[in-house]
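Chemist: Below: one structure in structure tokens.
Every number here is computed from the coordinates shown, using simple stated rules; none is lab data. On a predicted model such as this, the values are computed, not experimentally measured, just so you know. Quick reminder, even Gly has a Cβ in these numbers, built from the backbone with ideal geometry, and neighbours come from all protein chains shown.
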Amino acid sequence: MKRFSFWSVARNALSSHTHWPRQWRSPEPRPAYDVIIVGGGGHGLATAYYLAKEHGITNVAVLEKGWLGGGNTARNTTIVRSNYLWDESAALYEHSLKLWEGLSRDLNYNVMFSQRGVMNLCHTLGDVRASRRRSEANRLNGVDSEWLEPADIKKICPILNLSPSLRYPVMGATFQPRGGVARHDAVAWGFARAADARGVDIIQNCEVTGLRREGGRIIGVDTTRGPIDAKKVGIVAAGHSSVLAEMAGIRLPIQSHPLQALVSEPIKPVLDTVIMSSAIHVYLSQSDKGELVIGAGADGYNSYAQRGSFHVIEEQMAALCELFPTLGRLRMLRSWGGIVDICPDASPIIGKMPVDGLYLNGGWGTGGFKATPGSGWVFAWTIAKDAPHPINAPFTLDRFTTGALIAEHGAAAVAH
Amino acid sequence: MLLITCPWCGARDETEFHCGGEAHIVRPEQPDQLDDAAWADYLFMRGNPKGRYAERWVHSAGCRRWFNVIRDTTSHRILAVYKAGEPAPDLAEPSS
């Protein structure tokens with residue numbers, strides 16, 4: 001890996017940046033690996049990177065059925081925050097946020113992490129009470145969180161409609177200043193480049209079609225490019241968690257739904273923070289190119305089609321026009337959908353599966369992007385040591401049997 | 001947007017309906033006799049197939065009655081609609 005530095009960039013500028021080597025290799029799959037990661041999105045690549053970096057396990061392959069970061073990594077609204085209610089979630093998401101804060105330097109790759117703050121609006125008395133409770137819980141867990149009255153909100157976001165005549169007026173907001181956004185593609189590319197530099201094989205266009213087992217133990221995978229042996233297999237396949245788990249005869253509590261988003265035409269800077277409203281349901285930020293990146297709610301039905309129904313984005317636009325009348329004539333450039341795997345308690349499953357040597361990291365639902373580095377970090381630990389790290393120990397599949405659910409529907413912010 | 005044919009009211013817009021998840025989940029007759037794993041299976045574990053899926057819908061802005069739909073989760077195509085309590089029709093033809 002050729003490191004990026006002031007000098008290397010300046011030297012390559014002299015040759016018009018035409019002599020940079022490829023950022024990662026494109027190797028043929030070997031017959032066997034110590035660890036196979038199924039899924040080359042942000043979480044899978046982060047897992048491979050931390051397996052190599054933290055645990056010295058470099059005989060690793062990441063198998064991706066399409067191209068790197070072409071699934072939900074490319075389809076999210078890039079928001080990063082850690083203001084979750086329960087201790088278990090706060091520990092997980094805050095660990096991730098701390099990794100975000102040093103990630104560009106760690107990867108030697110600019111992931112454009114911008115801590116511009118995340119504001120969660122409250123529109124009803126119930127909303128206010130739940131949000132203030134969550135804000136206080138955050139502070140007890142060392143997660144930065146502030147309560148804002150409408151006058152404070154006006155100072156941070158002047159274009160927000162704070163009129164009391166709204167159908168659901170803005171009654172206040174919680175604000176996490178350390179939250180923000182990151183460049184989603186750069187996260188996949190940065191982790192891929194850094195993992196590759198440590199010897200991880202990243203194999204694209206290689207779909208896993210079966211999980212091979214022998215005597216209750218995983219021995220490898222079948223793929224569209226032939227069988228590959230592995231001592232351990234980690235599934236990090238987002239919307240397809242259930243499909244992969246079923247190959248090993250495991251039933252999950254997960255349902256896959258479309259989650260839509262869209263971007264507007266680029267405009268001059270109007271919004272330098274992230275605004276989220278879960279009650280009337282819209283959330284947005286402005287990209288460095290000037291486009292507004294706007295997220296919708298999840299569609300109500302199961303789907304693997306990477307598209308949703310129009311009325312969902314119609315409702316999202318109605319909320320946008322209500323909250324930001326000044327954006328009412330903004331034109332939208334494109335919309336898309338990703339398939340998110342939703343758990344009944346809106347928290348992920350990260351841990352060992354009932355088959356020896358098989359691990360699953362999924363069920364992140366509508367909010368996995370923010371957890372990318374932390375998710376990879378704890379999952380790498382779990383695979384390397386065949387036991388969960390204390391941070392992800394509560395996030396087992398078993399919790400649906402024991403009843404120790406981690407209900408985060410309020411903090412998840414996207415209605416589903 | 002889906003066009004859903006309610007067995008009582010006919011074809012209507014998706015916005016009149018709500019999806020109620022997997023169909024044919026039967027509540028155990030005697031829950032107190034189940035172990036935790038069997039109860040969790042009833043309560044939380046669900047099929048999530050890539051392909052045909054039998055699911056419940058309710059015509060909330062119409063007759064407010066529940067019914068079942070077989071829909072392909074890769075194409076969103078609705079293959080069958082039948083009333084609650086009826087068995088799932090046997091669809092021999094490939095869905096796409």
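Chemist: Check A:LEU211: other-chain or 5+ apart residues with amide H under 5 Å from its amide H, H built from backbone geometry?
Modeler: Here the answer is A:ASP222, since their amide H atoms fall under 5 Å of that of A:LEU211.
Chemist: Something else about it: Please state the shape class of chain A: rounded when a/c is under 1.5, otherwise prolate if a/b exceeds b/c and oblate if not, all from the C-alpha gyration tensor.
Modeler: Judged from the Cα gyration tensor, chain A comes out prolate (a/c at least 1.5, a/b above b/c).
Chemist: Filter the trypsin sites (Lys or Arg not before Pro) in the stretch A:134-169 down to the DSSP loop ones having no more than 14 other Cβ atoms within 10 Å, then list what survives.
Modeler: A:ARG167
Chemist: How well do other chains shield peptide A:250-257, expressed as the mean number of their Cβ atoms within 10 Å of each residue Cβ?
Modeler: Across A:250-257, the average partner-chain Cβ count within 10 Å equals 5.
Chemist: With a Förster radius of 41 Å, plug the Cβ-Cβ distance of A:TRP20 and A:LYS385 into 1/(1 + (r/R0)^6) and report the FRET value to the nearest 0.05.
Modeler: Once the sixth-power term is evaluated, E becomes 0.65.
Chemist: So, one more: Summarise the partner chain shielding of B:8-18 as one whole number: the mean count of Cβ atoms from other chains within 10 Å of each residue's Cβ.
Modeler: Other-chain Cβ atoms within 10 Å of each residue's Cβ, averaged: 2.
Chemist: Once you've got the GNM for chain A with C-alpha springs shorter than 10 Å, pick whichever of A:ALA197, A:ALA404, A:ALA173 has the biggest mean-square fluctuation.
Modeler: Its mean-square fluctuation being the largest, the pick is A:ALA404.
Chemist: How much of the pair distance distribution for the stretch A:226-287 lies past 15 Å, counting alpha-carbon pairs only, in percent?
Modeler: 71
Chemist: What is the set of long-range amide H partners of A:ILE235 at a cut-off below 5 Å, with H atoms built 1.01 Å from backbone N?
Modeler: Excluding prolines and chain starts, which carry no amide H, the hits are A:VAL38, A:TYR359, A:LEU360, A:ASN361.
Chemist: For A:ALA32, what residues show an amide H to amide H distance below 5 Å, using hydrogens built from the backbone and excluding near sequence neighbours?
Modeler: A:ASP229
Chemist: By count of other Cβ within 10 Å, fewest leading, how are B:LEU79, A:LEU51 ordered?
Modeler: Ascending Cβ contact count within 10 Å gives the list B:LEU79, A:LEU51.
Chemist: Where a ≥ b ≥ c are the square roots of the eigenvalues of the C-alpha gyration tensor, would you call the stretch A:74-130 rounded, which needs a/c under 1.5, or, failing that, prolate if a/b is larger than b/c, or oblate?
Modeler: prolate
Chemist: What percentage of all Cα-Cα pairs in the stretch A:288-416 are separated by more than 24 Å?
Modeler: Value for the stretch A:288-416: 42 percent of Cα pairs lie more than 24 Å apart.
Chemist: Further question on the same structure: At A:ALA151 and A:LEU125, where each label point lies 7 Å from the Cα along Cα→Cβ, what is the point-to-point distance in nanometres?
Modeler: That separation, rounded to one decimal, is 2.3 nm.
Chemist: Once you order the gyration tensor axes a ≥ b ≥ c over the Cα atoms, which shape class does chain B get: rounded for a/c under 1.5, otherwise prolate or oblate by comparing a/b with b/c?
Modeler: Prolate, since a/c reaches 1.5 and a/b exceeds b/c.
Chemist: Also, quick follow-up: Describe numerically, in nm with one decimal, the distance between label points set 7 Å from Cα along Cα→Cβ at A:ASP229 and at A:HIS409.
Modeler: About 4.9 nm, to one decimal.
Chemist: By how many nm would the segment from A:ARG11 to A:ARG30 grow when fully extended, if each residue of separation counts as 0.36 nm and the alpha-carbon distance is taken off?
Modeler: Residue separation times 0.36 nm, minus the Cα-Cα distance, leaves 3.3 nm.
Chemist: When only DSSP loop residues count, what chymotrypsin sites (Phe, Trp or Tyr not before Pro) in the stretch A:102-178 have their Cβ near at most 11 other Cβ atoms within 10 Å?
Modeler: none
Chemist: Still on this structure, I have one more. Calculated FRET efficiency, A:ARG251 and B:ASP90, Cβ-Cβ r, R0 25 Å, to nearest 0.05?
Modeler: In this case the efficiency is close to 0.60.
Chemist: Please give the FRET efficiency for B:TRP8 paired with B:ASP35, using the beta carbon to beta carbon distance and R0 = 41 Å, rounded to the nearest 0.05.
Modeler: 0.55
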